[in-house]
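Novice: Here you go, one structure.
The values are calculated or read from the model by the stated rules, or taken from the named source; none is laboratory data. Note that the structure is a prediction, hence the values are computed from the model and not measured. We place every Cβ from the backbone using ideal geometry, glycine too, and count neighbours over all the protein chains shown. Just the protein is used for accessible areas: all its heavy atoms, side chains included, with ligands, DNA and RNA removed. Shrake-Rupley method; radii C 1.70, N 1.55, O 1.52, S 1.80 Å.
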Amino acid sequence: MHWLFIPILSLLVSVQSLLLAFRVKSRSPPYDKLYYEYFPHRHWKAAEDLCKQQSGTLATVSNSAESQQLTSILKYWNISHPVWIGRKILTHQKKDSSMIWILDFSRSLDQTYARLLHKFPSMSSVTICTQLLFNPNSFGISTIFSYSVNDFQLRANLAQGRPVQLALLIHGKQGSYAEAFEHDNSWHSVCVSWSQDGGRWALYAHGHLVSSGNGVNSNDDIIGPNGSFILGERQNGGSFMSNDSFRGSITELHIWDRVLSSCEILTMENECSTISSGLVLRWSDASLEMGVSLGRLQEKSPCQGTV
């Protein structure tokens, strides 16, 4: 569902939202039923609260096609003043009870890595979400994933008796480590995002913001099209830095070519769902090239959800 927030009469709201619902739903994929709706309130905070109550999210126009569509809709209704835009995806692709592939990085051997075979488009924004389980006997610095040498990395710092700390390295600049969750031999969900616009980045654990910042700017896109995306190792110009290899398990890694909002990330966490808008890589065995020492298990998804 999309909300267009604009101060107008409630009667007009009801009629026009029905007209717009038909126009947008007819163009949507079968798993994404989207529609626009007016919210008759002048305050942004009230609109944002309504989105959260209904598992929705405020959003921006993400591409020229959406901008053109909304411009046509506003012209049709003779609306010329600025509006706010919010989006709710009514249905997601929910996980079923089938088995999924889990990569086991627990062996302390060479070539314990996985390479994503997907050919990524050039992306100026990205969100990556995954499920992680750290080996309880592993300590020190480890690399969960790395794209190219210093373009984009998620790193962990494990100290005995302390929570797991996570940090992003973006275009050679590493942020501070932030405590994310307990080092307790349990599965934990993690999402990270970055946008070239303002160099904004964010790190989430279990659907909640752990740390964020901005100013990590670059003229280069964050991912694609020529780099290698490696799980479990830090890249070093064609080789790996085995002294900070990841030890544990990884599954359900998905990649989007846009920044997912905090509400979208929390909704996926609560519903064990995967938002399809902007999704460029879905977790699958076919998308992986695995090193000879890497273990592979087929089990049920560790996502529990809350709804």
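Novice: Could you list, in sequence order, the residues of region 229-261 that are within 18 Å of the chain's Cα centre (by Cα) and either on the phi > 0 side of the Ramachandran plot or not in a strand (DSSP E or B) (or both)?
Specialist: Taking region 229-261 first, the residues within 18 Å of the chain's Cα centre (by Cα) are 229-231, 250-261.
Result: Glu252, Asp257, Arg258, Val259, Leu260, Ser261.
Novice: Determine which member of the set Arg107, Arg115 is open to solvent by 30 Å² or more (accessible area, probe 1.4 Å) and either part of a strand (DSSP E or B) or modelled with pLDDT of 90 or more (or both). Give the steps one after another, and end with the answer.
Specialist: Working: Arg107 fails: either part of a strand (DSSP E or B) or modelled with pLDDT of 90 or more (or both).
So the residue among Arg107, Arg115 that is open to solvent by 30 Å² or more (accessible area, probe 1.4 Å) and either part of a strand (DSSP E or B) or modelled with pLDDT of 90 or more (or both) is Arg115.
Novice: For region 250-271, give me each residue that is open to solvent by less than 20 Å² (accessible area, probe 1.4 Å) and farther than 16 Å from Leu203 by Cα.
Specialist: Listed by number, the residues that qualify are Ile250, Thr251, Glu252.
Novice: A further question follows. Looking at (1) at pLDDT 85 or above; (2) farther than 25 Å from Asp197 by Cα, find the lone condition where Thr306 falls short.
Specialist: Result: Thr306 passes all but (1).
Novice: Here's another thing I want to ask about it. Output the number of residues of region 262-283 satisfying the condition of being assigned to a strand (DSSP E or B) and among the polar types (S, T, N, Q).
Specialist: Taking region 262-283 as the starting set, the residues that turn out to be assigned to a strand (DSSP E or B) are 273-274, 279-281.
Next, from what is left, pick out any that are among the polar types (S, T, N, Q): 273-274.
Residues in region 262-283 being assigned to a strand (DSSP E or B) and among the polar types (S, T, N, Q): 2 in total.
Novice: Checking Asp244 against (1) open to solvent by less than 50 Å² (accessible area, probe 1.4 Å); (2) of a type in the set (Asp, Glu); (3) at pLDDT 85 or above, only one condition comes out false. Which one?
Specialist: (3)
Novice: Looking only at region 134-193, how many residues end up being among the basic types (Lys, Arg) and free of Cβ contacts under 8 Å to residues at least 60 places away in the same chain?
Specialist: Counting residues in region 134-193 that are among the basic types (Lys, Arg) and free of Cβ contacts under 8 Å to residues at least 60 places away in the same chain gives 2.
Novice: Given the structure, is Arg87 under 24 Å from Gly199 (Cα atoms) and modelled with pLDDT of 90 or more? Spell out the reasoning first.
Specialist: Numbers: under 24 Å from Gly199 (Cα atoms): yes; modelled with pLDDT of 90 or more: no.
Considered against the rule, which asks whether it is under 24 Å from Gly199 (Cα atoms) and modelled with pLDDT of 90 or more, Arg87 comes out as no.
Novice: Looking only at region 284-306, decide whether some residue is open to solvent by 20 Å² or more (accessible area, probe 1.4 Å), within 21 Å of Phe120 (Cβ to Cβ) and assigned to a loop (DSSP other than H, G, I, E, B).
Specialist: Within region 284-306, one or more residues are open to solvent by 20 Å² or more (accessible area, probe 1.4 Å), within 21 Å of Phe120 (Cβ to Cβ) and assigned to a loop (DSSP other than H, G, I, E, B).
Novice: Taking Asn219 as the residue in question, decide whether it is in contact (Cβ under 8 Å) with a residue 40 or more places away in the chain and either over 27 Å from Pro163 (Cβ atoms) or surrounded by fewer than 19 Cβ atoms within 10 Å (Cβ to Cβ) (or both). Explain how you work it out, then say what you get.
Specialist: On the way: in contact (Cβ under 8 Å) with a residue 40 or more places away in the chain: no; either over 27 Å from Pro163 (Cβ atoms) or surrounded by fewer than 19 Cβ atoms within 10 Å (Cβ to Cβ) (or both): yes.
So Asn219 does not fit the description; no.
Novice: Leu203 fails exactly one of the following numbered conditions: (1) open to solvent by 40 Å² or more (accessible area, probe 1.4 Å); (2) part of a strand (DSSP E or B). What is the number of that condition?
Specialist: Result: Leu203 fails condition (1) only.
Novice: How about region 132-145: which of its residues are open to solvent by 10 Å² or more (accessible area, probe 1.4 Å) and in a strand (DSSP E or B)? Walk me through it before giving the result.
Specialist: Quick first cut of region 132-145, residues open to solvent by 10 Å² or more (accessible area, probe 1.4 Å) only: 133, 135-141.
Residues satisfying the conditions are Leu133, Gly140, Ile141.
Novice: Pick from region 206-226 the residues that are among the small types (Gly, Ala, Ser) and part of a loop (DSSP other than H, G, I, E, B): which of them is nearest to Ala180 (Cα to Cα)? Steps first, please.
Specialist: Filtering region 206-226 for residues among the small types (Gly, Ala, Ser) gives 207, 211-213, 215, 218, 224.
Going one step further and asking which of them are part of a loop (DSSP other than H, G, I, E, B), we end up with 207, 215, 218, 224.
Details: Gly207: 11, Gly215: 22, Ser218: 27, Gly224: 28 Å.
Here the residue is Gly207.
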